[in-house]
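Here the structure comes first, spelled out in structure tokens, and everything after it is commentary.
The values are calculated or read from the model by the stated rules, or taken from the named source; none is laboratory data. Keep in mind that this is a model prediction, so the values were computed, not measured. Cβ atoms come from the backbone with ideal geometry, glycine included; neighbour counts cover every protein chain shown. SASA here: full protein model, heavy atoms, side chains in, ligands and nucleic acids out. Shrake-Rupley method; radii C 1.70, N 1.55, O 1.52, S 1.80 Å.
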Amino acid sequence: MLSHLTKKEPVTADHPYVRQKEITFVIPCYNSAEYMDHCIDSILRGRGDIEIIIVNDGSTRDDTAEKADAWAAQHPDVIKVIHQENKGHGGAVMAGLRAASGVYFKVVDSDDWLDPVALNLTLSKLRHFIASGSPVDLVVANYVYEHTNSGTQKVIRYRRMMPQNRVFTWNELGFSGPGQNILMHAAIFRTQILRDSGVELPEHTFYVDNIFVYVPLPSVQTLYYLPVNLYRYFIGREDQSVNESVQISRLDQQMRVTRVMVEAHKLPEGAGNRRLAGYMEQYLGLIVTASSMFALLEGTEKGLRMRREMWEHIDGIDPILKHRLGLRLPLVLGANLPGPLGRKASTVLYRTAQKLYRFN
């Protein structure tokens, strides 16, 4: 058991945590005027010493900038605004991380929102961790896919993967089932963990949320799973980054994210943990599967070439990892069946999984 799970540091008036906000919520906004108000209002329902940083990422087509400034004028003690030239989602998150003053850090995309009851339960728990003098490194909560077109919801829970309502370490991590990766929607990191991990998100690149939650994992020593449905993830806009046709058109960006995650896979010396390593390999396998399938669905020789180059890169980084990904993980194997018939079979398997698990 790690020593700082039990050692309590008294929190006095001059303790650095006292001078920090409890949590910083960063909201990247790019032409988000149509829906950003709902997101901001949902966070303001939280009762606590919170900070909201709205990052206007070079919006030009609507009044996102003016709305952000108006929110800051109404709540000057809570809301800050950063106006910057367009750098993409990753650039906006990194700007927020550099400016954050909260002990904890969470990204909320401008078309998503937080449940007010779950939010206040979460903030109460964060206050408890801070008051203890040894706040946990990563808090995980449920998130909900809000399928607006069908009016349905799908809740992603972690109850079989993680102990509930207590501090634990990677040694107690259970098996993660389909869809149970710790995504950005579920994660609340201690801010200093993110900074110490050296995570950097590439600019002008979609899907960097995977890098955001993947790279810092070896720096995390303590975790806590709070089984509340906190984050509401909107699915329904035709231009949304998780729309399949959009993902295929951004295959180069998907591959860029995959490269970064492959290069980050080896755990830093001294931080290795068998269960953490297994989880990271499984997560990477999911990303490699997605990259393989979108390359296949792209439907041209260019896509197949990019898929070959991905595997060549994995082999160059770690031939053993390539072998394990290709042979041990059914998802990866199913997405990379050889030959024209294999590619057709991979597509059928993907469409079946899509219906079962309702992604995209």
For this session: Answer yes if at least one residue in the range 94-107 is open to solvent by less than 10 Å² (accessible area, probe 1.4 Å), assigned to a helix (DSSP H, G or I) and touching a His at 6+ places or on another chain (Cβ under 9 Å), and no otherwise.
Result: no
Problem set entry | Criterion violated by residue 49 - all others in (1) out of contact with any strand residue (DSSP E or B) (no Cβ under 9 Å at 6 or more places or on another chain); (2) free of Cβ contacts under 8 Å to residues at least 40 places away in the same chain satisfied | (1)
Seminar exercise, completed: Pairing a residue in the range 221-236 that is among the β-branched types (Val, Ile, Thr) and modelled with pLDDT of 95 or more with any residue that is open to solvent by 20 Å² or more (accessible area, probe 1.4 Å) and not in a strand (DSSP E or B), where Cβ atoms lie under 7 Å and the two sit 6 or more apart in sequence or on different chains, gives 222/2; 222/5; 228/121
For this session: Could you tell me which numbered condition residue 346 fails, if it satisfies all but one of (1) among the hydroxyl-bearing types (Ser, Thr, Tyr); (2) closer than 30 Å to residue 219 by Cβ; (3) modelled with pLDDT under 90?
Result: (2)
Exercise. Quick check: is even one residue across the range 200-215 surrounded by fewer than 20 Cβ atoms within 10 Å (Cβ to Cβ) and in contact with a Ser or Thr (Cβ under 7 Å, 6 or more places away or on another chain)?
Worked result: yes
For this session: Could you give me the residue pairs with C-beta distances under 8 Å whose first residue belongs to the range 285-302 and is at pLDDT below 95 and part of a helix (DSSP H, G or I), whose second residue is open to solvent by 60 Å² or more (accessible area, probe 1.4 Å) and among the hydrophobic types (A, V, I, L, M, F, W, C) wherever it lies, and which are 6+ apart or on separate chains?
Result: 285/331; 286/331; 289/331
Problem set entry | The lone exception for residue 79 - which of (1) open to solvent by less than 20 Å² (accessible area, probe 1.4 Å); (2) in contact with a Cys (Cβ under 9 Å, 6 or more places away or on another chain) it fails | (2)
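Looking at 50, 40, 54, which is the one that is in contact with a Cys (Cβ under 8 Å, 6 or more places away or on another chain) and either within 24 Å of residue 141 (Cβ to Cβ) or modelled with pLDDT under 95 (or both)? It would help to see each step written out before you state the result.
Values: 50 fails: in contact with a Cys (Cβ under 8 Å, 6 or more places away or on another chain); 40 fails: in contact with a Cys (Cβ under 8 Å, 6 or more places away or on another chain).
Going through 50, 40, 54 in turn, the sole match is 54.
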For this session: Could you look through the range 18-69, keep only residues that are of a type in the set (S, T, N, Q) and assigned to a loop (DSSP other than H, G, I, E, B), and pick out the one that is most open to solvent (accessible area, probe 1.4 Å)?
Result: 60
